[in-house]
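**Q** If you scroll down you'll find the structure; I have some questions about it.
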């Protein structure tokens, strides 16, 4: 059955007849964000999964700290941190199969790394030696998208194309609370629902779009409620509860894989750090708010659960910390090496074949580089 | 040997045929846009494609140009070759962010790993009595965006050949369709279309010795008419049809100008910041010592596109072209 056949043929309706095209009730998000840790649901969670999540969170926190430190050493031009949001970042990568695709925003390098991309390659954009440092097809990770929400329609198109080809592929697209105000967010969700594309939209509501709080961003009951208007289910989850995020995203991926169409997941989390190292968060929020969220930290929540249930001891905590240190040391070493730059790369990939105009400009640059390398006597520079 | 009767065909028919042949030749080719399915497009260019190839290959999308192009990007990432229809020139503007921030840059961004073979068909230009937002000449925006090819046919045969070449290209192509030429007819044999040439070559439509009219798309027939009328004035004008704005065929253009020594660039787009400025500069830089006069531009005025009852005053016509030719410093020769 083709996609269009599944959607059903055009049916003329007599003038007074009207009925909702979709029953809105099952699409509505729950009133409370879904939680696992510290609830009865935790008992059903797989201990191995919880331990893996814990190790990933600790690595993720260390990665954020190391990348931020690298900006201070001038090794990264800029770093938008996901400190406090690690549960969303690692779960997004963990719920996907190898054949699936991840569509990250510029803030989601941690998810990209958790998916298997080398940290130094994931950070190329932010170091500034090239835009995308990895082959998107190697790990099925789209390039980090800087223009907000513009990667969401890409995820929809890719998932739709895979379905047309009969391939079992799900796309998971990441966006922030600010990004939900963009037109591309709306268009992507609409296309996804109309096409019943196997896509999961993960909105990390971290409270701020740089300095602008959510209250100035939307009047919607929740961002998850936006799903209903498009005819897809909206799910609300505690974004700092790694077990809950993992479960909700896994369900959404399974639903998409089974042909059930897209899901919008709003994960409520908090951007503990400033927007980037170049931002001053004290201009728009108080310390008390940040401290309150530190109590609801994803690592704290999971560690409490694991130790209470005897699934993690001091040795386990130390092992996770050591693993994270090893990763950080490797990242430092990679990033402390100067990148190899070739100015001629400027012209190499604009087109499959450079236009005659670009060939001329390439020769101009080549001549400039040669002149730089061997300054002639008597010439004025 | 069988001979196929060469019948007059319209440009719209040639475009339809090109889409159909491309879809038949390559299952990766998908047509998508507003009203392209059941209706066959508002200009009927996609007529019959949904019926022949199914609605999954020729798809009526939701009415959202950024969404159309944005999803086409994702489809191209997965190995498809989308052909996107923007219903009218000015309706393509919502898709600009996708075009400029992603379509044009993805190959470069990924060091060649992720090329996007997308063809974006845009009916453009005036002369059809369209109300506001239906007659823009938006080529300068596209030309100013590195990573895009920008092509536009002026003949029935080129409509077929250039569209096939655009769809076959591994780079994104903005394919500008001069909508007032959709119904122009020409003898053309769809069973034996000319071999598809690579994008980027201009063609001399009319040879002449006095001066070169450099033009493209909807202005080509106007220039041909002007060249005929110029004979009465004693001018023998050459007409160069650029066909491709990016890449630009400096070679053909400059060879012509070096022969004639005079040049006028003609297009509907406004002159300030328009394609003519770039073309005049390129010609002047390369042919300065062959020029008998400055390169002149005949263009639409630098005004928002006029309402239909006034558009004839805006569009470059034969008189405005001949007036410019008359200002090419002929006194020096006498």
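Any read-out appearing in this document is the output of simple, stated calculations on the displayed coordinates, not a laboratory observation. Nothing here was measured: the structure is a model prediction, and the numbers come from that model. Here the Cβ positions follow ideal geometry from the backbone for every residue, glycine too, while neighbour counts run over all protein chains shown.
**Q** Pick from B:226, B:144, B:165 the residue whose mean-square fluctuation is largest in a GNM of chain B, springs joining Cα atoms under 10 Å.
**A** Comparing B:226, B:144, B:165 in the GNM, the peak value goes to B:144.
**Q** Same structure, new question: Quick check on the stretch B:7-188: of the DSSP beta bridges with both residues there, what percent are antiparallel, nearest 5%?
**A** Taking every DSSP beta bridge within the stretch B:7-188, about 15 percent pair in antiparallel fashion.
**Q** Using only alpha carbons, build the gyration tensor for chain B and give me the equivalent ellipsoid semi-axes, biggest first, whole Å.
**A** For chain B, the semi-axes come out at 34, 21, 19 Å.
**Q** Could you list B:30, A:139 in order of exposure, starting from the residue whose Cβ has the fewest other Cβ atoms within 10 Å?
**A** Ordered by Cβ neighbours within 10 Å, fewest first: A:139, B:30.
**Q** Moving to a separate point now. Taking chain B as the reference, fit the longest principal axis to its C-alpha atoms, fit the long axis of helix B:219-230 to the helix C-alpha atoms, and give the angle between the two in degrees, 0 to 90, nearest 10.
**A** The angle comes out at about 20 degrees.
**Q** Arrange B:68, B:118 by Cβ neighbour counts within 10 Å, fewest through most, would you?
**A** With the sparsest Cβ surroundings first, the list reads B:118, B:68.
**Q** Which percentage, to the nearest 5, of the DSSP beta bridges contained in the protein assembly as shown is antiparallel?
**A** The antiparallel proportion sits near 15 percent.
**Q** Something else now. Would any residue of the stretch B:112-151 have its amide N under 17 Å from a label point 7 Å out along Cα→Cβ of residue A:365? List them or say none.
**A** From the stretch B:112-151, the list is B:112-113, B:145-148.
**Q** Expressed in whole Å with the largest first, what are the equivalent ellipsoid semi-axes of the stretch B:203-329 derived from the C-alpha gyration tensor as the square root of 5 times each eigenvalue?
**A** They are 22, 17, 13 Å, listed largest first.
**Q** Right, here's the next one. In nm, to one decimal, how far is the modelled label at residue A:22 from the one at residue A:311, with both set 7 Å along Cα→Cβ?
**A** 3.3 nm
**Q** Also: Calculated from DSSP H runs of 4 or more alone, at -39500 (n - 2.57) each and per residue, what is the 222 nm mean residue ellipticity of chain B, nearest 500?
**A** Computed mean residue ellipticity for chain B: -9000 deg cm²/dmol.
**Q** Please report Rg (one decimal) and Dmax (integer) in Å for the Cα set of the stretch B:7-188.
**A** Taking only Cα atoms of the stretch B:7-188, I get Rg and Dmax of 15.0, 47 Å.
**Q** For peptide A:145-155, how many partner chain Cβ atoms fall within 10 Å of a residue's Cβ, on average?
**A** 5
**Q** To continue, here is another question. Which FRET efficiency, nearest 0.05, do residue A:336 and residue B:290 yield, Cβ-Cβ r, R0 51 Å?
**A** 0.35
**Q** Moving to a separate point now. Which whole-number percent of Cα pairs in the stretch B:257-312 have a distance greater than 19 Å?
**A** Result: 36 percent of Cα pairs exceed 19 Å.
**Q** Just to be sure I understand the model, the point goes 7 Å from the Cα along the line to the Cβ. What's the resulting residue A:373 to residue A:49 distance in nm?
**A** A separation of 5.7 nm, rounded to one decimal place.
**Q** Here is a further query. Convert 37 °C to kelvin, take the viscosity as 0.692 mPa s, use the Kirkwood radius over C-alpha pairs of the stretch A:61-181 as Rh, and evaluate the Stokes-Einstein diffusion coefficient in µm²/s, rounded to a whole number.
**A** 224 µm²/s
**Q** Using helices alone, I'd like the mean residue ellipticity at 222 nm for chain A: each DSSP H run of four-plus residues gives -39500 (n - 2.57), total over residue count, nearest 500.
**A** -13500 deg cm²/dmol
**Q** Can I ask one more? Can you give me the Cα centroid spacing of the stretch A:231-265 and the stretch B:275-291 in angstrom?
**A** 59 Å
**Q** OK, next. Under 1.5 on a/c is rounded, so check that first for chain A, then, if it is not, pick prolate when a/b is larger than b/c and oblate when it is not; a ≥ b ≥ c are the square roots of the alpha carbon gyration tensor eigenvalues.
**A** Oblate, since a/c reaches 1.5 and b/c is not below a/b.
**Q** Oh, and also: Comparing A:262, A:104, A:16, which has the greatest mean-square fluctuation in the GNM of chain A with Cα pairs linked when under 10 Å apart?
**A** For chain A, modelled as a Gaussian network with Cα springs under 10 Å, the answer is A:16.
**Q** Still on this structure: Quick one: the Cα spread of the protein assembly as shown along its three principal axes, in angstroms, biggest first?
**A** 101, 86, 54
**Q** Can you sort A:13, A:82 so the residue with the fewest Cβ neighbours within 10 Å comes first?
**A** With the fewest neighbours first, A:13, A:82 line up as A:13, A:82.
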